[in-house]
Amino acid sequence: MRFPAWMAAVVAALVLLMGSVFVVSEGHTAIVLNLGRVARVDLGPGLHFKWPMVESVRIFDKRLQVLPAEPERYLTSERKDVSVDFFAVGQIEDARAFYRATGGDETAAVARLAPIIKDALRNEINARTLQQAVSGDRTEIVKSQLSVINRGAATLGVRILDLRIKQLDLPTDSRVIDDVYNRMRAQRQQVASRLRAEGEEQANEVRAAADRDRQVILAEAERDAQKLRGEGDAEGARIYAAAANRDPGFYAFQRSLEAYRKAFADGGSESVIVLERNDPFLQYLRSDR
C-alpha cells in the first residue's frame, strides 16, 4: 500500500521540526554546536531552534551546585597535622569555557576544581599555627583565598561563590592529639600552680593580719589589765589606809597574822625561826596578851 505524497511530506516535515526544536528549562543554559564547533552560547530558558542533522545542543545546569570533597590533611606553621573537611558552592558562569575545558563533563570539572581549592586552603593552613587554625575565624581562612580559587576556576568556566569548612579536626593517627593534651595539661597545671601560689600568698596575708591583730588585742588587753590592776591596788591601798586609820590596833593585828601565815606556810615542818624572847614579832603569840 502506497502512502500519498503529501502524507510523506508531512511526516518528513514533522521529523525535521522535531529535530530542529529544543527547550531549555529554567535555571539551565545551552550551547549549540555546528559540526562540533561552538556556534551559539548562553541560550536562556525557552523554546529554541537549530539546524537538524547539522547542529547539536548541550544543556548545562546553571543553578548553584555543592561540590563535595574528601577531608584533606594539612600542616600548620608548627608542622602539626590537621584534617580539614570542606565543601564548595559554585555554578557554571561561562558555558563556552566550561565545554571547552571539560567537554561538558561535570565530574571532570569537579576533579579539576578540587586541587585548586585544596591548594588554596593549604596556603592558608600552612601560614597559621594550630591554635589559630582550630580556634580562629574560619571565614577569614576562606575569604582571603576565594579570589585565588576563582582565578583558577575561571579557566573552567565556573565561579565559586562560597567555600565552607565543615570540620577541622586533629588526625587520630598522629601525635598531635597527645601533644595538644599534654599542652592543655601543662597549661592547667600552670594555672593551678598560679592559683595555689596566689591562695598561699593571700593565706599568708590573712595569717599575718590575724597575728598582727592578735598582738594588738593582747597588748591592749594587757594595758587595760594593768590599768585595772593599778586602779584595784590603789583602791585596795586606800581601803587599807582608811581601815588602818579607823582602827590602828586591828590593822597591826591583821598584818601580824599575814606575817605568821607566810612564815609558817609549810606547816612549820621545815621552817626554823630564831628570835629573841621579847621580839615584837611574837607579841601576839604570848599567852599574857
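General remarks:
- The label point for LYS143 and the one for LEU161, both projected 7 Å from the Cα toward the Cβ, are 2.0 nm apart.
- Couplings 3J(HN,Hα) of the stretch 194-200, computed from phi: 5, 5, 5, 5, 5, x, 5 Hz, in residue order, whole Hz [Karplus 6.51 cos²θ - 1.76 cosθ + 1.60, θ = phi - 60°; x for Gly and Pro].
- Using equal-weight Cα scatterers in the Debye expression, the normalised intensity of the stretch 65-174 in log10 at q = 0.17, 0.22, 0.23 Å⁻¹ is -0.76, -1.12, -1.20.
- Here's how it looks for LEU33: its modeled amide H is under 5 Å from those of ALA39, SER56, VAL57, ARG58, which are all 5 or more places away or on a different chain.
- Taking only the Cα atoms of the stretch 92-235, the radius of gyration and Dmax are 35.8, 123 Å.
- Extension gain, GLN202 back to ARG185 (0.36 nm per residue minus Cα-Cα distance, nm): 3.6 nm
- Packing, as the average of other Cβ atoms within 10 Å across residues, places the peptides 24-32, 100-108 in the order 24-32, 100-108, highest first.
- Going from the fewest other Cβ atoms within 10 Å to the most, the residues LYS262, LYS143, LYS50 appear in the order LYS262, LYS143, LYS50.
- Placing dummy labels 7 Å off each Cα toward the beta-carbon, the span from SER25 to GLU258 is 12.6 nm.
Taken together, the values in this text are just the output of simple stated rules run on the coordinates, not laboratory data. The model shown is predicted, which means the values in this text are computed figures rather than measured ones. Heads up, the Cβs are rebuilt from the backbone with ideal geometry, glycines too, and the neighbour counts pull from every protein chain shown.
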